[in-house]
Every structure is written in structure tokens, then in C-alpha cells.
Amino acid sequence: MADPDEEEEGSLDQLPATVLETIVSKLDVASICSVSSTCKTFNACASQILTFIPSFDLLDIAPSIDLLRPLLPPNPYLKSLKLDCGRLDDSAINVVVRDSLHELYLHNCADFSGKLLSEIGGKCADLRYLYLGSVAEKRGRAIHISDLEELLRGCTQLEALILMFDVSLFLRHNFALVWALVSEKLTSLEIGYVSSVMVTELVGPSLGPHQSPNHVRPSILPGIQKLCLSVDYITDTMVSTISKGLMSLTHLDLRDAPLIEPTITFDLTNSGLQQINQHGKLKHLSLVRSQEFTITYFRRVNDLGMLLMADKCANMESICLGGFCRVTDTGFKTILHSCSSLYKLQVSYGIHLTDLVFHDISATSLSLIHVSLRWCNLLTNRAIKNLVLNTRLRVLDLRDCKHFGDEALRAISSLLELKILLLDGSNISDFGLSYLRGIINSLVSLSVRGCKRLTDKCISALFEGSSKLKLQQLDLSNLPNLSDNGVLALAKCRVPISELRMRQCPLIGDTSVMALASMRVDEDRLHGCSLRLLDLYNCGGITQLSFRWLKKPYFPRLRCLGVTGSASRDIIDALARSRPFLHVACHAEELGSNQWDNLHGLYMHDNDEVDELEQWLLEEEGDYNDEEMMDADDDAELLDHLAL
């Protein structure tokens, strides 16, 4: 009898190569790599496709230059390239910088120098979209103003530019002059950090050479519609300059994190708020003072400032306000009742915000679909009972509002379209979570971090009897009464979670890891296949035994792992060698940072049974045999014991 594999391969050989290439070229990069590992025919097909695919997206892993080269052969048709450059440096520039590109997204470029910018400017004349993250942040790397000049001069077709690094290091005396070279087509600009003074010089009108003050040239960024900046101080001068100079502005996002309490010259006041939206086109506004370095607020803004701003913001669709400690219900209510098209409202550190702000919410347009109320500790269950009159709510962020309890959950259970629910630090109980059973099938993300009253029973309260669950992100961190029994119950429910966080849970131990490793979302899938992120930092019962279960074939799709810093360095190194694409964090850092702070979209992962992408990249490499890592086969008996 002929071998089935040979018959299958023979049948594929009979198909025209162009037909196979047409079909496979419709897949994303990960899927192309997956099919390439199935047989020689598809392997050859994938190699050919990589020479003409129009887009290449590999943000899920950080490949080395040796692994990246065969994936990026010469390809004159490549228009879009997205990479995690965490393991790359300047030696990869010739591989990733292509003259055919229209879109280039390079994340984690800490080991690159400013040469990356100048080379992009020299080769990518047709580039429309550019994202560069963390460029030259590693010690010994540098960016010069000439590199930025080459970038702006060469990319004459740029429409969106995102520089997520500190551009305040450039010399001020010619900073604005260099930006005068930017593409006239630029409509979106985002900068990771820049000083407020440099912003004022950049977007404000300027005097022409040898001209009087009466002859003022327009802003050098006249076409900007979206501006997102992180600055040292949000000031009246900067806000006024932006509002006056950018006549097409529809999206303004400003965030600061002062090192010290700002003086009136370097602060935002009621006067500055009055200057916002002078041209009447603004739809999205975000003004946030972060508490990153010190506890500081917008102390010079009160209800009057909100009243003055609301007069010009009737058409606003999204408003995010953080750190306005002197604004009361009157000011926030004015925003709610003035903006009839408002669908997104975010308020953080609203220390005077009370239930009264939502008392007569029925008199508004009830158009809210995204609400975030963080660190608003005067709010109670009554506020939520009124808020849910916005029946189309899809995102509800109530983190660090400690007075919300079970009655709030009862009200939330009426929100049939809710996708994201964040309840960190609230006063909810196991019984209260049972109210969510009616909507648990629609939830995609749920966080109950730091809800101290919750126990193992919260898992059954949420999931028992549910089917067709869509939950992808679950945060059970800092629950002192959550034990291995709760995780066993979670595994039995077969929730298709891709990100599970259980930081600072003292009763979580090896049994939880083994239960998750043996969990199957359904009968046809591999053990633990859905988890891509698992955070077990400072879980009290994690020992060396857990690391044996973190070796393949268990957790085949795992990309991020958080463990305690006291774990043996040798064991962690052995795990890293056996799974080179697994990011292991052991210094208390949050995995997937800001996972809740960018809620306009969720990254939806595919559910392939096996991670053939990693297999394909590593097929030429030998298997590692570390003494610290026991073979998974040796644990088969224990797996059978825990089989669920």
C-alpha cells in the first residue's frame, strides 16, 4: 500500500504551481509558514510566495537577523512590513528597509542607531506610513538631527509619522527648521516625548526671514489632522498655539508627567481650555496628567474651564480627561449634556466626581459605548445603575473605584453588547460575579485584579454552565484567596483564554501550571494551546516542577511568561534556550504593558493547533537537551492524573 503522505504529496504536485501560489498568497505570514512545514510542495510554494507577497507582518515574535533573512528575500512587490526588532540592530537595515514600501512598522528598535532614520529617508521615497519605536534607547546608540533631516527630506509622500522615542534630545535651534522639510501630505503625527517649548515652535506660525511681525507664515504642519504628543508640561501657550495653528485638527491627544509641581507659566488653566477647538473641527480630545513621577494634578482648572471648553465642543465624539482634581460634577455633567455625539468618555483621578454626574443621564443622547472611570473613589453602585441606561456600552473600565459592589454587577448584567469589563480593586464578591453569567458569553476581556473578597468560587460563579465562550483576556492577579482549586475549575470550563494573569497570588502553585498545561479548549486541540501570555509573577507555590511543564509540547503558543525573580537563573536560561521565542520576565514588569490602556481594538489571535511558524523558523536547528528541563514524556503519568 502506498504511503498516504506520498499520495497526498503526489496529488499536490499535479496542481499547477500558480494555482497553489494564488491560494496560499491569500494567507498571512504566520499561516504561510505553517503550511510550508506540511510537505515539500507547500514548502517550495511558500518560498516562492515570499518573493512577491505585498505585506509581511511578524510582530508576534522578535526574530534574529539569521532567521529573518530567508523570510525577507528580494521582493519588489512588498508594500507593508511590520516587525518586532527586539533582536535586531543596524546590521538588519539593508534587510528591512526596502524602496517598494508604503507602510513600515518597526517596534523595539533600541539597538538601532540614527542610521535607521537616514536610511529610510534615503530609500523609502514612496513611504506613506512610518512607525519607529524605542530607537537608539540602548546605551551607546545615538540619533543626530541630521538623521531626522534625511528622513523628512527623503520621505516626501508621508501621511502618518509615529516616532515613539524622545525627540527632545535634538538641538532646539534648528529643530523647527528641519521639520519644515516634512511631507506636505502629512496628516497624522505622534511623538513619544518632546518638550512643550519645542511643540510651540513646531506647530506655531513663524516669521519669514527679514520680515516684520505683521508678515507671519502659516504653521509648517498645516495639514495635520491628528496630533498625539507626550510632553513635559501641558501649558496654555502650547494648547493655544496648537488650536490656532492647526486648522484641520480633528484629533488632539496630549499627555504629560511633570517631575515637579508646575508653575503657572508651565501649566494648563481655564484660559487654555477656552482656546481649544477654535476652528470647530475637533472630534477627539485627550488631556491627561500622568502620576508617573509624582502626584500632581491640573490644579488651575475648575468647573469654569469645563464650561468654557464645552461651548466649543458640542460636536465632540471622544473626550479623555485625567488629573483634573478641582473639577466637580458640574463640570463633568456639562460635558455629558453638551456633546450630543459623545460615544467615549474617560475620566481618571476625578476625585470630586460623584454619583450626581449621572443622576439625569437619561436627558442626554445616551450614545456612550466606551466609559472609563479610574480612581474615582466617590462613585458608588448608584452611578452604575444610571450609567447602564447607555445600553450599547461595549467597554466599561471601573478600575480602582473601590466602592463598586455586587449591585453594580447586577446593573452591568443588562449590558448585552459589553465586550470589555475591568473591575480592579472593587468590592465585589463571588456571588456578585454570578450576575455576569448572562453576558459572559459576549465578554472578550475581564479583569478582577485586586478584588480581595473573591475566592476559588468566583470561577464557577462566572463560567459554570456556560458554553461558546469568547473570553480571551482574564486577569486574576492579587487575589489572596485564589488557589490551585480555582485554576483547576477554570481548566475544566475550557475557557479559550489567550492571556491569563495571576500575579501576586500566594496560593497559586505547580498544580495550576500542570492544570493549564493539560487543559484543552476542545477535544481536537492540543494541551494548553490557546495561552499566549501567562503571568505567574510572585505566585507563592511555583517551584522547579512548573518549569518542566513549560517545555514543549505543552503551551505550544506561549509567547510571554512572567515568573518570580527568585526562580533559578539556570532554569530560566534553559527554558529560554529551548524556546527562543518565549519572552520570560522575572523583574516584576507587567507583560503586555498598557494592555487595558489601548481599548479601541483587541489583537485577535488565530487558533492554529500547532505553532508551525516557530517550527518552520527553527527546523534547521537541533533540539536542546538541558538537564534542568525534564522531557515531557516523563510526566505522562502525572498528566493523566490531572486530565480534565
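Within the assembled protein chains, the solvent-accessible surface assigned to T263 is about 80 Å², based on a 1.4 Å probe.
Using a probe radius of 1.4 angstrom, the carbon and sulfur fraction of the accessible surface of the chain is 50%.
The lysines whose alpha-carbon is closer than 23 Å to the alpha-carbon of K283, local same-chain residues fewer than 8 away aside, are K185, K226, K244, K312, K333, K344.
Given bins 5 angstrom wide, list per bin the percent of all Cα-Cα distances in region 54-186, short to long. P(r) for region 54-186, in whole percents per bin: 2, 11, 22, 25, 21, 12, 5, 2, 0.
Karplus-derived 3J(HN,Hα) values for region 404-421, using 6.51 cos²θ - 1.76 cosθ + 1.60 with θ = phi - 60°, are 7, x, 4, 5, 5, 5, 4, 5, 4, 4, 8, 8, 6, 9, 5, 10, 10, 9 Hz; glycine and proline are entered as x.
Note on D400: accessible area approximately 50 square angstrom, rounded to 10, probe 1.4 Å, nucleic acids and ligands left out. In a reduced charge model with +1 at each Lys and Arg Cβ and -1 at each Asp and Glu Cβ, the chain shows a dipole moment near 3500 debye about its Cα centre. Residue order by solvent-accessible surface for T455, T237 is T237, T455, largest first, with ligands and nucleic acids left out and a 1.4 Å probe.
The mean of 1/r over all distinct Cα pairs in the chain, once inverted, gives the Kirkwood hydrodynamic radius of 27.3 Å.
When R579, R153 are compared by accessible surface with a 1.4 Å probe, the order from highest to lowest is R153, R579.
Determine the distance separating the Cα centre of region 244-283 from the Cα centre of region 401-477; give it in Å without decimals. Computed from Cα coordinates, the inter-centre distance equals 37 Å. Computed with a 1.4 Å probe on the full set of protein chains, the accessible area for L378 sits at about 90 Å².
The values are calculated or read from the model by the stated rules, or taken from the named source; none is laboratory data. Every value quoted in this text rests on a predicted model; they were computed, and no experiment measured them. Note that we place each Cβ from the backbone using ideal geometry, even for glycine, and neighbour counts take in every protein chain shown. Keep in mind that these areas ignore ligands, DNA and RNA; they rest on the heavy atoms of the full protein, side chains included. Shrake-Rupley method; radii C 1.70, N 1.55, O 1.52, S 1.80 Å.
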